[in-house]
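Heads up, the thing below is written out as structure tokens.
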Amino acid sequence: MYNKDDLNRLYREIATSIDISDDMFQSAVNEYQALGKWIDENTPKYRISIYPQGSFGLGTVVKPITNDDDYDLDIVCQFEDKYGLTAKQLKVDVVKPLLVGYKKTSRDIENKRRCWHVEYEDIPHFHMDVIPAYAVAKSGTINITDHDEELDTYEYIGSNPSGYIKWFFERCAKQRERLLNNYLKEHRNIVASADIEDVKRRKIKTPLQRVVQLLKRHRDIMFADDDSGNKPISIIITTMAATLYQEEDNIVDAMANILKAAPKWILNNMREGQYYIENPSYRGENFADKWNSHPERARAYFMWLKQATTDLAGEELYSLSRVEMGERVKRTFGEKTGKTVFAKMAEEDRTAIKDGTLKIEPSSGNLSSKGIIPVPYTRHYGE
């Protein structure tokens, strides 16, 4: 049987196992910085900045399910002025040649609705979704290029990716500060003041960030064989979770509260019978606009919510045996993840038993650092 501490530990280990490694994260940083440097050197006519948005900026990246899949690296290519360019000129005539010229070994460059999808042979494990945009003076927002594939037309639409990241971290500011202080106390001799931002970016993961990672992986597994285009999109999952997060200090409570409140939250936000999930950093932008023209996507989202609530916040989780939980994790998060996580936890428990720091709680029979009954050490535990 599991208690809340056990389940929180399990969720924390799963989230860690599906997170991007420090080396891969640094590779991504190196790549977008190198792209920015190259563009800056080759466009003297324009002032341009390059920065990440999406999951890399939010700290909610999850590994691809298989080793054959790439990480998505979402990058904003922001011009500091419109320079008199139409949306088509900016995207097609200016940005595309820069991306093609950056790496001569490009595998593919695809014109998607709001970005260029770029794959380079000599950048393994990543593909870049580069969003052309220009800064709107004195507003803190940007206008990005939007391509209507059916009509083959281009226009500018407003957005605020930096503002979204700021809003997201404001939603978990209390826990982020608490975790940062704990980390600095434990590592006071090795963390310099100049490294604080890097610590916050890579070493500190709040319950909100972990919930988003777990929900995204659950979504990926559930829709792994679904090519209908109805797979729930990450921006809605992230916005839902951050909006409903109440600064819980553990993953289990945060997960349960978010999932149980989500259906009512979505329905309460409808406007004139239409689904409406507003971008919290840019008023008027509806993340759920496609649900109204494709109602099957809304149905798929509610279906996923119901399954996620059962799998990740159901009361029966606390009555599962270790074997049953192992099977649940493999089904919910993937075979490889399940095996990796339980092998790691078993090894940690075996070491703790050997050291005498893990004992049995008489009331529940669970292993815990708070237990009082010693566990006989055997070499076979956890095998």
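Any read-out appearing in this document is the output of simple, stated calculations on the displayed coordinates, not a laboratory observation. Because the structure is a prediction, the values reported are computed rather than measured. Positions of Cβ are generated from backbone atoms using ideal geometry, with glycine treated the same way; all protein chains shown enter the neighbour counts.
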So ASN42 and GLU155, fully extended at 0.36 nm per residue minus their Cα-Cα distance, gain in nm 38.1 nm
Dipole check, the chain, charges on Cβ (K,R +1; D,E -1), about Cα centroid: among THR206, PRO64, PHE126 the Cα furthest to the positive pole belongs to THR206
Looking only at aspartates and glutamates whose Cα falls under 12 Å of LYS103's and that sit 8 or more positions away or on another chain, we get GLU31, GLU119, GLU121, ASP122
So the angle from the long Cα axis of helix 161-171 to the longest Cα principal axis of the chain, reported in degrees to the nearest 10, equals 30
Other residues with Cβ under 10 Å from the Cβ of GLY338 give, with Lys and Arg +1 and Asp and Glu -1, a net charge of +3
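Quick one: of the DSSP bridges fully inside the range 21-162, what percent are antiparallel, nearest 5? Walk me through the numbers before you get to the answer.
On the way: 23 of 32 bridges.
Counting DSSP beta bridges with both partners in the range 21-162, the antiparallel share is about 70 percent.
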Using the Kirkwood radius over Cα pairs of the range 21-162, the Stokes-Einstein translational diffusion coefficient at 20 °C and 1.002 mPa s, in µm²/s and rounded to a whole number, is 138
Computed from the beta carbon distance with a Förster radius of 22 Å, FRET efficiency for THR66 and PHE302 to the nearest 0.05 stands at 0.20
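About the Cα centre of the range 21-162, how large is the charge dipole given +1 on each Lys and Arg Cβ and -1 on each Asp and Glu Cβ? Please answer in debye to the nearest 20.
On the way: 15 positive and 25 negative charges, 135 e Å.
With Lys and Arg at +1 and Asp and Glu at -1, about 640 debye.
Antiparallel DSSP bridges in the chain: what percent, to the nearest 5? It would help to have the intermediate numbers written out before the result.
Numbers: 29 of 38 bridges.
For the chain, the DSSP antiparallel bridge percentage is about 75.
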Quick calc, the chain, dipole around Cα centre from Cβ unit charges on Lys, Arg (+) and Asp, Glu (-), nearest 20 debye, gives 1000
In vacuo Debye sum over C-alpha of the range 52-92, base-10 log of normalised intensity I(q)/I(0) at q = 0.22 Å⁻¹, listed in q order, is -0.78
Fewest to most Cβ atoms within 10 Å: GLU327, GLU197 sort as GLU197, GLU327
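What's the local net charge at TYR156, with K and R +1, D and E -1, over the other residues with C-beta under 12 Å away? Present the calculation step by step, with values, prior to reporting the outcome.
Numbers: positive: LYS82, LYS88, LYS91, ARG114; negative: ASP146, GLU155.
Within the 12 Å Cβ shell, the charges total +2.
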Cβ density ranking, 10 Å radius, fewest first, applied to THR43, THR66, THR60, THR141 yields THR66, THR43, THR141, THR60
Here, the range 166-304 modelled as identical Cα point scatterers in vacuum has Debye log10 I(q)/I(0) at q = 0.13, 0.15 Å⁻¹ of -0.64, -0.81
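Tell me the relative contact order for the chain as a rounded percent, counting alpha carbon contacts under 8 Å between residues six or more apart.
On the way: 525 pairs, mean separation 57.9, N = 383.
With pairs under 8 Å counted, the relative contact order is 15 percent.
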Cβ density ranking, 10 Å radius, fewest first, applied to MET255, MET325 yields MET325, MET255
Out of ASP152, ASP23, ASP289, a Gaussian network model of the chain with alpha-carbon springs under 10 Å gives the largest mean-square fluctuation to ASP152
Close lysine pairs (the range 172-287; alpha-carbon distance under 23 Å; 8 or more apart or on separate chains) counted at 17
Rounded to the nearest 10 degrees, the helix 234-244 long axis (Cα) sits at an angle to the longest Cα principal axis of the chain of 60
Compactness check, the chain: C-alpha Rg relative to the 2.2 N^0.38 Å globular estimate gives 1.09
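Given +1 on the Cβ of Lys and Arg, -1 on the Cβ of Asp and Glu, and no further charges, what dipole in debye does the range 7-98 carry about its Cα centre, rounded to the nearest 20?
Its charge dipole is roughly 420 debye.
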Here the longest stretch of the chain that holds no trypsin sites (Lys or Arg not before Pro) in a DSSP loop having at most 10 other beta carbon atoms within 10 Å is 189-282
Comparing LEU73, LEU35, LEU267 in a Gaussian network model of the chain (Cα, 10 Å), the one with the largest mean-square fluctuation is LEU267
Between the Cα axis of helix 251-268 and the main Cα principal axis of the chain, the angle (0 to 90°, nearest 10) is 50
The chain, Gaussian network, Cα under 10 Å: of ILE142, ILE233, ILE131, the residue fluctuating most is ILE233
